[in-house]
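The values are calculated or read from the model by the stated rules, or taken from the named source; none is laboratory data. As the structure is a computational prediction, the values presented were derived from the model and not from experiment. When we count neighbours, we look across all protein chains shown, and the Cβ atoms used for this are built from the backbone with ideal geometry, even at glycine.
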Amino acid sequence: MNIFKLTKSKLLLGTMFSLALMPVLSSTAQAKDVKCDKITPITMFFHFRDRMAYNEDLPIVRYVEKQTCTKIVSLAPKYASKSLSVLNLHLASGHLADVIGIHNFKPIANKYGMQGAFMPLNNLIDKYAPHIKKVFAENPEAKIKASAADGNIYYLPYFTPPKLKVGRAYFIREDWLKKLHLPVPKTVAELEKTLIAFRDQDPNGNGRKDEVPYCGRHWQEAVRLVNLFGSRTSGSDYYFDFYVNKQHKIKYAFVEPKFKEAYKHVIKWYKDKLIDAEIFTRGKRSREILFSRNQCGMVHDWISSTTSFNNAMQKRVPGFKLIAINPPKGIDGSQYEEHSRELVRKDGWGMARSTKHPIEVIKFLDWFYSPEGSRTNNYGIPGVSYNMVNGQPKFTKKVLAMPAVQDYLYKMGAAAPLGYVMDANYELQMVSPEVRNIYTRYTKFLIDQYPGVAYNKAEQRLYDRAWTVVNSNTVPEYLQKWMLGTADIDKTWDEYIQKIKVTGFFKLLDETQEAYNRTYKK
Ligand code: CA
């Protein structure tokens, strides 16, 4: 059998890879030995974050196999870089793996689920998945969020604990503030003065005007500065999503006149070189590049990873110190943090309707919600990345001393965007007291989220047609043109709105409102 041969050789490569990655894998492992009467093969198509397949190369997968008495046969290509493209090819092939998933899986699961590609899981969960059942019983709203418009559950989501809603914060260089004798900015007007000082007064002290006052590894974070000027950009932890206002009305910021006015301020900041001129092109490493060159003064980014630069930069940039400032008060007096993490993420996985052994597959998927499964995805492999201390999983000192714990876990195959419950302590352990304090301080600035809706088939068709065109093409295209100055926002606003209108987007907005009212009984 070719597949078998292929799998064996992959296994060997995988072993060598993991030994190089984790030399500490040794007899100290405390893994519970599971006696398997039989091994159930499970085919899997799980490609995620545009870089990884959940396959036997990952130490976690080999550990999971032993714990669940399965043999995972990955059908996802190893070296593909576009998770969604390869998933679409797989769905088009008609020969589906038993388990299918990707980051941001929910819309795909619901769409193809209602078309018959995915197994409705409600009954299987009831009968065979006690751990999943418990999570839904404890979080009734989560069940609504995970269900499609026909009431079926087609995907098993990744849950974030409510304790960890805070994700991003505004960070500023405290060492630069001190050097220039500036106070911590509390309003957008004070922030503007601060950024101008960063630009003009050489806080990095090299005699050159090379500072980038506001930088970011995602250009959308420059757009998000409209929050300080009376507009929104998103209502979830996805960029440019719908948002919901206090009256439970579904809104899309980028078609609102108040966005246009707010964005003009941001465009001016860009023109005035307060925002990185290369923010659209510099790429995902721009934060570390500009910090290590001592050039960037401010970001709005994930708290944990941003704070880690305070240690990482000490050698290169002595005195480097980023502090999280409270969200500056906007021109309308509002003060909030737009970003927060969702309880039920769109990440997750589901089961193909064509699977030959649905009971075994649901039991396998249920394992990930069990205490063992949860520990595995949160902490990795016992004895390797964590140990049980007083009944609680604790990362090893070696892991906690790593500069990028999360990256280490990702490489191992842990913390993948599949169906499980995130353990708040997983993150609280790896972050410093400083980060924990920011989480606490920022909680009061969070605002209500757009929880997502369950579209029916017709609504879903419209969503598929209009949303991608508008949200992935038209809006980013114009936002960039306006910021870069290649088109004037006032002169092109009407043509822009017209382009959005012809896709049926405004109808989609109305239908999303209906779906929202229906889903949450508003
Ligand atoms: Ca300088």
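To keep it simple, each residue is scored yes or no on (1) in contact with a strand residue (DSSP E or B) (Cβ under 9 Å, 6 or more places away or on another chain); (2) of a type in the set (A, V, I, L, M, F, W, C); (3) at pLDDT below 95.
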| residue | (1), (2), (3) |
| --- | --- |
| Ala352 | yes, yes, no |
| Ile359 | no, yes, no |
| Phe364 | yes, yes, no |
| Ile381 | no, yes, no |
| Met412 | no, yes, no |
| Asp448 | yes, no, yes |
**Asked** Looking at segment 35-86, which of the residues that are small (Gly, Ala, Ser) and outside any strand (DSSP E or B) is surrounded by the fewest Cβ atoms within 10 Å (Cβ to Cβ)?
**Response** Ser81
**Asked** Regarding Leu124, is this residue in a helix (DSSP H, G or I) and either modelled with pLDDT under 95 or within 29 Å of Ser305 (Cβ to Cβ) (or both)?
**Response** no
**Prompt:** Looking at Lys246, is it away from the ligand (no atom under 16 Å from the Cβ), touching a residue at least 60 places away in the same chain (Cβ under 8 Å) and either surrounded by fewer than 23 Cβ atoms within 10 Å (Cβ to Cβ) or in a helix (DSSP H, G or I) (or both)?
**Reply:** yes
**Prompt:** In segment 249-272, which residue that is within 28 Å of Gln513 (Cβ to Cβ) and hydroxyl-bearing (Ser, Thr, Tyr) is surrounded by the fewest Cβ atoms within 10 Å (Cβ to Cβ)?
**Reply:** Tyr263
**Filter result (without any contact (Cβ under 8 Å) to a residue 12 or more places away in the chain, under 17 Å from Glu261 (Cα atoms) and more than 27 Å from the chain's Cα centre (by Cα)) within segment 451-489** = Ala487, Asp488
**Complete:** Log entry, pairs with first residue in segment 293-318 being free of Cβ contacts under 8 Å to residues at least 24 places away in the same chain and under 23 Å from Asp202 (Cα atoms), second being within 16 Å of the ligand (Cβ to nearest atom) and assigned to a helix (DSSP H, G or I), beta carbons closer than 7 Å, six or more apart or on different chains, reads Phe309/Phe291; Met313/Phe291; Met313/Ser292
**Asked** If we scan segment 451-467, do we find a residue that is under 30 Å from Glu56 (Cβ atoms), of a type outside the set (Phe, Trp, Tyr) and at pLDDT below 90?
**Response** no
**Fill in**
Within segment 166-198, restricting to residues that are within 13 Å of the ligand (Cβ to nearest atom) and crowded, with 19+ Cβ neighbours inside 10 Å, the one that is nearest to Ile323 (Cα to Cα) is Arg173
**Item:** Failed criterion for Lys411 (all others in (1) charged (D, E, K, R); (2) more than 21 Å from the chain's Cα centre (by Cα); (3) assigned to a helix (DSSP H, G or I) hold)
**Value:** (2)
**Message:** Taking the conditions exactly as written (among the charged types (D, E, K, R) and either buried (at least 19 other Cβ atoms within 10 Å of the Cβ) or touching a strand residue (DSSP E or B) at 6+ places or on another chain (Cβ under 9 Å) (or both)), does Asp407 satisfy them or not?
**Reply:** no
**Request:** Name the single residue, out of those in segment 199-218 being polar (S, T, N, Q) and more than 16 Å from Val299 (Cβ to Cβ), that is nearest to the ligand (Cβ to nearest atom).
**Result:** Asn206
**Any hit, segment 310-332, residues being assigned to a helix (DSSP H, G or I) and not small (Gly, Ala, Ser)** = yes
**Complete:** Matching residues in segment 273-286 (of a type in the set (D, E, K, R) and surrounded by 21 or more Cβ atoms within 10 Å (Cβ to Cβ)) number 1
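Yes or no, residue by residue, for (1) in contact with a Phe, Trp or Tyr (Cβ under 9 Å, 6 or more places away or on another chain); (2) surrounded by fewer than 21 Cβ atoms within 10 Å (Cβ to Cβ):
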{"site": "Phe364", "(1), (2)": "no, no"}
{"site": "Tyr369", "(1), (2)": "yes, no"}
{"site": "Asn378", "(1), (2)": "yes, no"}
{"site": "Pro382", "(1), (2)": "yes, yes"}
{"site": "Lys398", "(1), (2)": "no, yes"}
{"site": "Met402", "(1), (2)": "yes, yes"}
**Residue within segment 423-435 that is assigned to a helix (DSSP H, G or I) and more than 17 Å from Lys163 (Cα to Cα) present** = no
**Item:** Selection status of Lys271, more than 19 Å from Phe320 (Cα to Cα), charged (D, E, K, R) and either within 16 Å of the ligand (Cβ to nearest atom) or in contact (Cβ under 8 Å) with a residue 12 or more places away in the chain (or both)
**Value:** yes
**Prompt:** Any chance segment 220-229 includes a residue that's more than 16 Å from the ligand (Cβ to nearest atom), under 30 Å from Phe105 (Cα atoms), surrounded by 19 or more Cβ atoms within 10 Å (Cβ to Cβ) and without any contact (Cβ under 8 Å) to a residue 40 or more places away in the chain?
**Reply:** no
**Asked** Quick one: how many residues across segment 437-450 are within 28 Å of Gln247 (Cβ to Cβ) and touching a residue at least 24 places away in the same chain (Cβ under 8 Å)?
**Response** 8
**Request:** Working carefully through the options Tyr410, Tyr386, find the one that is in contact with a helix residue (DSSP H, G or I) (Cβ under 9 Å, 6 or more places away or on another chain) and at negative phi.
**Result:** Tyr386
**Asked** For residues in segment 384-396 being touching a residue at least 40 places away in the same chain (Cβ under 8 Å) and assigned to a strand (DSSP E or B), which is surrounded by the fewest Cβ atoms within 10 Å (Cβ to Cβ)?
**Response** Met388
**Message:** Need pairs with beta-carbon distance below 7 Å; first residue under 18 Å from Tyr386 (Cα atoms) and surrounded by fewer than 23 Cβ atoms within 10 Å (Cβ to Cβ) and within segment 415-436, second basic (Lys, Arg) and at pLDDT below 90; sequence gap 6+ or separate chains.
**Reply:** Ala424/Lys163
**Message:** With the structure loaded, tell me whether Glu278 is among the acidic types (Asp, Glu), touching a helix residue (DSSP H, G or I) at 6+ places or on another chain (Cβ under 8 Å) and free of Cβ contacts under 8 Å to residues at least 12 places away in the same chain or whether it fails that test.
**Reply:** yes
